[in-house]
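Novice: Starting off with a structure, shown below.
The values are calculated or read from the model by the stated rules, or taken from the named source; none is laboratory data. Just so we're clear, the structure is a prediction, and the values are computed from it rather than from any experiment. Cβ placement follows ideal geometry from the backbone for every residue including glycine, while neighbour counts extend to all protein chains displayed. These area figures cover heavy atoms from the full protein model, side chains too; ligands, DNA and RNA do not enter into them. Shrake-Rupley method; radii C 1.70, N 1.55, O 1.52, S 1.80 Å.
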Amino acid sequence: MRAAGILMAAILLTGCAGAAADVPDPAWPVPPPERPAVVMVVGDSFAVGSGPVPAWQTYPALAARTLGWQLITAGAKGIGFVADGKVNRSFQQSFVQELSWRPEPDLVLLSGGHNDRGRSATKVRDAATQLIHRVRQRWPRAKLVVVGPIWLRHPPKAVYRTRDAIARAAWLAGVPFLDPLTEKWAGDRLLLPDGTHPTEAGHRKLAAWLVSTLRARSVVPEVPEPAPLYGAYQGP
């Protein structure tokens with residue numbers, strides 16, 4: 001009986017020791033998860049999606065997947081720095097209503113101007129300047145980048161005047177300006193039948209251009225940082 005009692009005690013002690021070993025030591029230095037960059041985009045149909053291309057297949061969304069962004073997109077079809085489309089809301093109004101009440105992001109992209117063609121260049125420049133100032137006033141620590149009008153085939157002269165007005169507003173504010181009109185967007189597969197909006201292939205091309213240009217301008221790291229490692233600590 002005494003031998004059996006000793007054996008039972010040994011089994012219980014061994015079981016308790018095994019259970020205790022399964023509990024992580026609170027002293028282990030578990031690395032905290034890294035927060036992805038929060039990026040907000042104000043844009044038109046190229047940013048929010050059009051036709052058969054949904055919002056999650058647009059060039060900002062595809063760039064966000066590549067760079068590991070947490071993306072928030074604001075805007076609507078047909079709008080611009082001055083143009084308010086069918087929604088009666090310009091970029092500035094979209095910023096105020098959809099984004100300005102949120103916590104400060106890491107990066108803000110103001111992308112558009114396509115729908116401002118034919119508008120007064122002075123009004124476009126002034127509207128872009130006002131929006132840049134408003135974003136900076138609201139979020140002084142966020143990076144800010146302006147992307148000009150997107151036109152994937154034979155841009156009319158009016159678009160260049162609009163591009164120049166937006167570029168001047170960015171230059172005067174000391175904000176990086178990215179110009180899609182300098183690229184040669186060859187290939188019919190890039191455009192929907194309307195001859196204006198990108199197909200999914202067109203959005204992939206735009207996303208690759210955006211990622212490479214942001215890296216070249218040192219807005220984002222040239223080489224992405226490795227993804228954080230989750231799970232139990234594996235140190236010595």
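Condition check ((1) at positive phi; (2) over 15 Å from the mean Cα position of the chain (by Cα)) across all residues:
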| site | (1), (2) |
| --- | --- |
| 78 | yes, yes |
| 90 | no, yes |
| 95 | no, no |
| 100 | no, yes |
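Novice: Follow-up. Would you be able to say whether some residue in the range 181-193 is at pLDDT below 95, open to solvent by less than 30 Å² (accessible area, probe 1.4 Å), out of contact with any Leu (no Cβ under 9 Å at 6 or more places or on another chain) and in a helix (DSSP H, G or I)?
Specialist: No, the range 181-193 contains no residue that is at pLDDT below 95, open to solvent by less than 30 Å² (accessible area, probe 1.4 Å), out of contact with any Leu (no Cβ under 9 Å at 6 or more places or on another chain) and in a helix (DSSP H, G or I).
Novice: Tell me which of these residue 168 doesn't satisfy, since it passes every other one: (1) in a loop (DSSP other than H, G, I, E, B); (2) touching a Lys or Arg at 6+ places or on another chain (Cβ under 9 Å); (3) open to solvent by 80 Å² or more (accessible area, probe 1.4 Å); (4) at pLDDT 90 or above.
Specialist: The single condition residue 168 does not satisfy is (1).
Novice: Here's a check for you: in the range 160-195, which residue that is closer than 25 Å to residue 129 by Cα and among the aromatic types (Phe, Trp, Tyr) is farthest from the chain's Cα centre (by Cα)?
Specialist: 160
Novice: Can you report the number of residues in the range 194-218 which are closer than 23 Å to residue 77 by Cβ, assigned to a loop (DSSP other than H, G, I, E, B) and of a type in the set (Gly, Ala, Ser)? Before the answer, list the steps.
Specialist: Here is the first cut: in the range 194-218, the residues closer than 23 Å to residue 77 by Cβ are 194-207, 209-210.
Now restrict to residues that are assigned to a loop (DSSP other than H, G, I, E, B): 194-197, 199.
Okay, now just the ones that are also of a type in the set (Gly, Ala, Ser), so 195.
Result for the range 194-218: 1.
Novice: Consider the range 84-94. How many of its residues are buried (at least 21 other Cβ atoms within 10 Å of the Cβ) and either among the hydrophobic types (A, V, I, L, M, F, W, C) or free of Cβ contacts under 8 Å to residues at least 40 places away in the same chain (or both)?
Specialist: 2
Novice: Go through the range 169-191 and give me each residue that's farther than 18 Å from residue 143 by Cα and of a type outside the set (A, V, I, L, M).
Specialist: 180, 182, 183, 184, 185, 187, 188, 189
Novice: Output the residue which, of all residues in the range 105-160 that are among the small types (Gly, Ala, Ser) and open to solvent by 10 Å² or more (accessible area, probe 1.4 Å), is nearest to residue 40 (Cα to Cα).
Specialist: 142
Novice: Moving to a separate point now. Tell me, which helices (runs of 4 or more DSSP H) lie completely within the range 1-106 with 3 or more residues that are modelled with pLDDT under 95?
Specialist: On the way: elements: 2-22, 45-48, 59-67, 91-94.
Filter on the range 1-106 gives 2-22.
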